[in-house]
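Below: one structure, written as structure tokens.
The values are calculated or read from the model by the stated rules, or taken from the named source; none is laboratory data. Here the structure is a predicted model, which means the values were calculated and not measured. Cβ coordinates were reconstructed from backbone atoms using ideal geometry, including for glycine residues, and neighbour counts include every protein chain displayed.
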Amino acid sequence: TTFSYNDFRFEKNNIASSQSTKVFCTVQNTGTIQGDEVVQLYITDKLASIARPVMELKGFQRISLNPGETKEINFTITPDMLSMLNADMKKVVEPGEFTIMIGSSSREIHLKQVLTVQ
């Protein structure tokens, strides 16, 4: 079967480094048979003081949808998900822009928006 991803939005798209926010999207089974989909959340730090992975898988949810059925999915983005080890090996959340992506795999990103951390 096939799935479509829509209605990507943040609870807050601008947060302090100590805050969390939620990200929402809807997934619809656009095929003709029941199917399962693994909705995946990836985060990229657009500009970090230390090299970071291009994409980091930070969450996933397996859902089962009947033909035509739509479900709203949400993930909570926490400071821990945005953190990294700095040059002094201390865990920090650096201010800046993080690209938040949702898709069915790292090669199939369906939705993407920028989260600003102050």
Here is a check on your reading of the model: is residue 63 of a type outside the set (Asp, Glu), loosely packed, with under 15 Cβ neighbours inside 10 Å and farther than 16 Å from residue 23 by Cα?
no
Taking residue 10 as the residue in question, decide whether it is aromatic (Phe, Trp, Tyr) and either loosely packed, with under 13 Cβ neighbours inside 10 Å or more than 16 Å from residue 105 (Cα to Cα) (or both).
yes
Can you tell me how many residues within the stretch 97-112 are in contact with a strand residue (DSSP E or B) (Cβ under 6 Å, 6 or more places away or on another chain) and either without any contact (Cβ under 8 Å) to a residue 60 or more places away in the chain or loosely packed, with under 15 Cβ neighbours inside 10 Å (or both)?
4
Pick from the stretch 32-59 the residues that are small (Gly, Ala, Ser) and modelled with pLDDT under 95: which of them is surrounded by the most Cβ atoms within 10 Å (Cβ to Cβ)?
48
Would you please list the contacts, defined by Cβ atoms under 6 Å and residues six or more apart or on different chains, that run from a residue in the stretch 69-81 that is more than 29 Å from residue 2 (Cα to Cα) to a residue that is of a type outside the set (S, T, N, Q) and at pLDDT below 95?
79/93
